[in-house]
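What follows is a short report on a single structure.
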Amino acid sequence: MGNEVLISCRGICKNFGATRALINVDFELRRGEVCGLIGENGSGKSTLTSIFAGVQPATSGEMFRAGEHYKPHNMVEAQKAGVAMIVQEAGTLPGIDVASNIFIGNYEMFGRMGVLNKKKMYAEATRILEEIGAADIKATTKVAVLNFEDRKIVEIARAMYLNPEILVIDESTTALAQKGRQLIYKLIDKMRAENKGVIFISHDLEELERVCNRITCLRDGVVVGHLADEEIKVANMRPLMVGRDLQGHYYREDYDGTSSDEVVLDVKHITSENGYVRNFSIKLHRGEILGFGGLSECGMHEVGRMIFGLDKTITGEVEYVPQHKKIDSIKDAISLNIGYISKDRDNESIILNASIQDNTLMASYPKISRLGIITPKAEKELSDKQIERMRTKCVSGKQYVSQLSGGNKQKVAFSKWLAAGSDIYIMDCPTRGIDIGVKAAMYDMIYEFKKEGKAIIMISEELPELIGMSDRMIIMKDGAISAEVMRSPDVTDTKLIEYMV
């Protein structure tokens, strides 16, 4: 491993109004390092790396790239300086094709006298996609038709095409299934072997332990400690993040897996328009946590979307059994007290350019209306109640959601349905991008929902979460059920994976 410092900063501060997101942060990344950046939601991890990547400027402090002063004005400038970033949330433009997304801001590479050579651009995009192991994604495909994971892989291609010396990975693995994660791990290994550098943000501490040789921890915008080599263990990272030793368990401890005999949702022979789900049927019971697992494109995400009425079915129907009503639209689902938390949070679960209060109340106006009148006091009270319940880190309910960390955005996505008093929850990757302390609290809340008689569909790409929380697990493969597994201490990751492949 070389000792050359690839990128560093001294005294970096970042303020968002009265909020101090970073306070006198010093950091450096050397050749051959994979440095994990850890901390609770809102600790400043994404803010720091976004400054490195040219997404936003620092309020004060200075940065250096290979010993020279470094101050990128945008991501394109940073990328040309050898710093590339894969962002936490969706970073593609849906209205253009894959190749145009990969080379956005750099079309001059394929232009001559103002004319874009699309054939050359498509050929180069195809080469890059093949190089990173994603040859199945076509350069000419419109990004809008790709699934969430493939859109993230397009972002990876965009980050890698200029062969960066520094790669920032901001929580991207939480958005990926097994195919995408293996792709990321191979890129990390390649960067390390080429004596380059990686900054890796993740709430998956086991993942960090596996791939990092150095860890830096932020807490409330301040660097509070480092770990290196043999010190990098989950047991050392947890107390460093939260400032205390976390005790107890994450998941439920019971194994009875019981629920009511009463069926609340009857999904009958549904088929999706894209063909990922075919002739699928399942029943959901009151007081049940029904887990869905599988590999990429198995159809589990599409099942959740169709049940909520977000995607149309071409066969079959979804019935809310207590009232014998069919669910044909989102409006139907909401009227029946069904809530949905999307994996694609920023595009489907929240409105970024709206306040926390506006997002929280979206499904609750009938609840706080009195003779058709909604008072500002009632709005604020319900919003503040959810902020307190979820412990959302914010200035106030008037703060824009776009200014929150990924984990706090997820809390707002939950708050919308908590405020509405939903009885059925469809949760697609519910703890993605959430730190260990909040994750444990969220599992407790989901278990409380079960005990209250609420019904939960929990779609998860995390096998420990699936095994640890579900009463019943539906494993999907090629758009159909490959196994149904009941809660038991004998269920293992290995057994579930056998049903997936």
Residue list for segment 1-19, restricted to those being part of a loop (DSSP other than H, G, I, E, B) and either at pLDDT 90 or above or touching a Ser or Thr at 6+ places or on another chain (Cβ under 6 Å) (or both): GLU4
Being modelled with pLDDT of 95 or more and surrounded by fewer than 23 Cβ atoms within 10 Å (Cβ to Cβ) narrows it down to one of TYR320, TYR340, so name that one. TYR320
Here is a list: MET160, MET121. Which entry is touching a Phe, Trp or Tyr at 6+ places or on another chain (Cβ under 6 Å) and either closer than 30 Å to ARG219 by Cβ or in the same structural domain as ARG219 (by TED's automatic domain parsing) (or both)? MET121
How many residues are acidic (Asp, Glu) and either on the phi > 0 side of the Ramachandran plot or without any contact (Cβ under 8 Å) to a residue 40 or more places away in the chain (or both) when one looks only at segment 146-170? 1
Going through (1) at pLDDT 90 or above; (2) part of a loop (DSSP other than H, G, I, E, B); (3) not hydrophobic (A, V, I, L, M, F, W, C) one by one, LYS120 fails only at (2)
LYS186 fails exactly one of the following numbered conditions: (1) in a strand (DSSP E or B); (2) surrounded by fewer than 16 Cβ atoms within 10 Å (Cβ to Cβ). What is the number of that condition? (1)
Qualifying residue in segment 103-115 (condition: in contact with a helix residue (DSSP H, G or I) (Cβ under 9 Å, 6 or more places away or on another chain), surrounded by 13 or more Cβ atoms within 10 Å (Cβ to Cβ), touching a residue at least 12 places away in the same chain (Cβ under 8 Å) and within 25 Å of GLU171 (Cα to Cα)): yes
Looking only at residues that are polar (S, T, N, Q) and part of a loop (DSSP other than H, G, I, E, B) in segment 75-99, which one is surrounded by the most Cβ atoms within 10 Å (Cβ to Cβ)? GLN88
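The values are calculated or read from the model by the stated rules, or taken from the named source; none is laboratory data. All values reported here derive from a predicted model rather than from experimental measurement. Please note: Cβ atoms are built from the backbone with ideal geometry, for glycine as well, and neighbour counts cover all protein chains shown.
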